[in-house]
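For reference, the structure is listed below as structure tokens.
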Amino acid sequence: MPRDYDTLCHRGWLPRPIRDKVDHAAALAAIEPLWGHEEGLTQDQADWFELVASLVADYEASTEKKAKPLPVTARLAGLLEAHQMKAADLGRLLELEPSMGSKIVNGARQLTASHIRKLARHFALPADYFLQV
């Protein structure tokens, strides 16, 4: 592996923006021989490795698929299951008819601001956890 920055750029990989999967694979292949050997690198090797690794990280962050948050109904159902509660328990917790808990969990009824405050307090979660996204 070249020890100076100029040779790393000419024989290794010339640091440049990564725009596609081919560029990404080339950058990964270029820095692979240095992974795990960071403590023994020359300053030029360390600088080059850091730059290429940051370009790789930037590309990966820009192409990463963001997971959609679960719908509030799924979050509620998960909370009820985790706390061994039934939909009727939700209705009672919200000071409603027990059958209303099922309607809320199924999405037939929406949570009110008062419901959200009660849920946040009961489950010790931020109120925005119970908002639709």
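FYI, it's all coordinate maths here, none of it is from the lab. Model, not experiment: these values are computed from the prediction. All Cβ positions, glycine included, derive from the backbone under ideal geometry; neighbour counts span all protein chains shown.
Overview of values
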| quantity | calculated |
| --- | --- |
| Calculated mean projected area of the Cα convex hull in nm² (choose from (i) 12.2; (ii) 7.3; (iii) 19.9), label | (i) |
| Kirkwood Rh and Cα Rg combined as Rg/Rh, region 5-63 | 0.95 |
| Nearby lysines by direct alpha-carbon distance to Lys65 (threshold 19 angstrom, same-chain neighbours under 8 apart not counted) | Lys21 |
| Expected 222 nm ellipticity per residue - DSSP helices of 4 or more, -39500 (n - 2.57), all of the chain, to 500 | -16000 deg cm²/dmol |
| Value of Rg to Rh for region 55-102 (Rh from inverse mean 1/r over Cα pairs, i.e. Kirkwood) | 1.39 |
| Phi-based couplings in Hz for region 38-45 (Karplus 6.51, -1.76, 1.60; Gly and Pro marked x) | 4, 6, x, 7, 6, 4, 5, 4 |
| Radius 15 Å from Cβ of Met100, net charge of other residues (Lys, Arg +1; Asp, Glu -1) | +2 |
| Nearby lysines by direct alpha-carbon distance to Lys103 (threshold 22 angstrom, same-chain neighbours under 8 apart not counted) | Lys86, Lys118 |
| Loop sites in region 64-133: GluC sites (Glu not before Pro), DSSP, at most 11 other Cβ within 10 Å | Glu64, Glu95 |
